Every structure is written in C-alpha cells, then in structure tokens.
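Trainee: First the structure, then my questions, so here it is.
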Amino acid sequence: MTATLTAGAASTTTPSLRRRFASLLYEVVVLFGVALVSGAVGALFIAITGHQQDTAARIAAFLIFGAYFTWFWTRRGQTLPMQTWHIRLVTASGSPLTLQRAAARYAAAYLWFAPGVMAAWAVGWSREQALYAAGVNVVAYGLLALLRPDRQFLHDALCGTRLIDVQHERRPSTR
C-alpha cells in the first residue's frame, strides 16, 4: 500500500492510505478547536455589525482554517495529526513548502469534499444528504490515490507536493 519515490539521491516512501486517512480523521478532531476560534470571530462580527451574515462567517472559517494549515505546513511540514502519524508534507523535489505552495494546496484540498457538496446542492438535496455526499466524495477521492503509481492524492500532484513517511526518521535526543 506504499509507494517508493526517488528525489535526487534521497528515497522516500509514501505513507499508507490507512495512515493518511487516520491522520485526516485526527485532523477533523483538531479542527473542532480551530472552529471555535472561527466561531469567536463570527460572533465578534455579529456583535460589531449587529447582523448575522453566513457568507462572512464561511469566509472567516475558510481563512482561519487556511492560516492553520499554511502555518504548520510552511514551518515543519506537519500539523499535529501528521506528526502523530509520522507524515510530512514536502514539495515534489523534497523541499519545504513556500507560503504560496501551501496556500495553493490548501485551496486544492477542497477537492476532498466540495464536488460532493456542490452536486448535492445542484440537485436540491437537504443538508444531511449533502453531508452524506461529501462523505462519499471523501472516500472516493482518497481511493483515487490508489490509481496513481506514486499513491499521492490528486491535489498533491496538482500542487507539486507530496506526503512522505517519516516513521523511521531519527529525532535528536533531549536527554
């Protein structure tokens, strides 16, 4: 379930799909905390303007989630869930991500669920049905990686990034 890639002299392994999905599920849990910050920003907006605006709240959430991901991806190449599952994000050549590449990957990662939600919206499905469609889209999108020789996700291929396995990477001793 893993694929080995060569970048220059260094050889790296793509983490298994199972580990990447586990990291994704953990990421959803962490994002609940990030969503609290987003909700606080939305509440502040309502308090200042005196009216509720769903579009502004969605844009704020998109930007806050984007700041979370791009900050971690450009600093260490890993969010906390990625660290836990020993997965790192690098460019196709193995370098750390720039802010522009991290932002592009964040936007392209919406391919995980946006097509399912948009299709549900287009046919007039309820929110619950749209959530189901998004879930089906997530599973189908993840499985598409199995069709690629390098086992990377489509948004990584589009953005010139890749996920690598750092399970056997040695950490400096703190003793």
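Trainee: Given R19, R58, which one is surrounded by 10 or more Cβ atoms within 10 Å (Cβ to Cβ), under 18 Å from H155 (Cβ atoms) and at pLDDT 80 or above?
Mentor: None of the other options fit; the residue is R19.
Trainee: Sort out which residues of region 94-133 are surrounded by fewer than 19 Cβ atoms within 10 Å (Cβ to Cβ) and in contact with a strand residue (DSSP E or B) (Cβ under 6 Å, 6 or more places away or on another chain), and write them in order of number.
Mentor: Correct list: G94 only.
Trainee: Shifting gears a bit: Does L111 meet the test of being at pLDDT below 95, under 13 Å from the mean Cα position of the chain (by Cα), not in a loop (DSSP other than H, G, I, E, B) and not β-branched (V, I, T)?
Mentor: It is true that L111 is at pLDDT below 95, under 13 Å from the mean Cα position of the chain (by Cα), not in a loop (DSSP other than H, G, I, E, B) and not β-branched (V, I, T).
Trainee: Which condition breaks for F153 when tested against (1) within 20 Å of T12 (Cα to Cα); (2) over 13 Å from the mean Cα position of the chain (by Cα)?
Mentor: Exception for F153: condition (2).
Trainee: Here's something else I'd like to know. With (1) at pLDDT 80 or above; (2) under 25 Å from P81 (Cβ atoms); (3) hydroxyl-bearing (S, T, Y) as the list, and T49 as the residue in question, which single condition is left unmet?
Mentor: Checking T49 against (1) at pLDDT 80 or above; (2) under 25 Å from P81 (Cβ atoms); (3) hydroxyl-bearing (S, T, Y), the one that fails is (2).
Trainee: Could you tell me how many of the residues in region 128-170 are among the basic types (K, R), in a loop (DSSP other than H, G, I, E, B) and closer than 23 Å to T74 by Cα?
Mentor: Within region 128-170, residues that are among the basic types (K, R), in a loop (DSSP other than H, G, I, E, B) and closer than 23 Å to T74 by Cα number 2.
The values are calculated or read from the model by the stated rules, or taken from the named source; none is laboratory data. Owing to the predicted nature of the structure, the values given are computational and were not obtained by experimental measurement. No Cβ is skipped: glycine too gets one built from the backbone with ideal geometry, and neighbour counts run over all protein chains shown.
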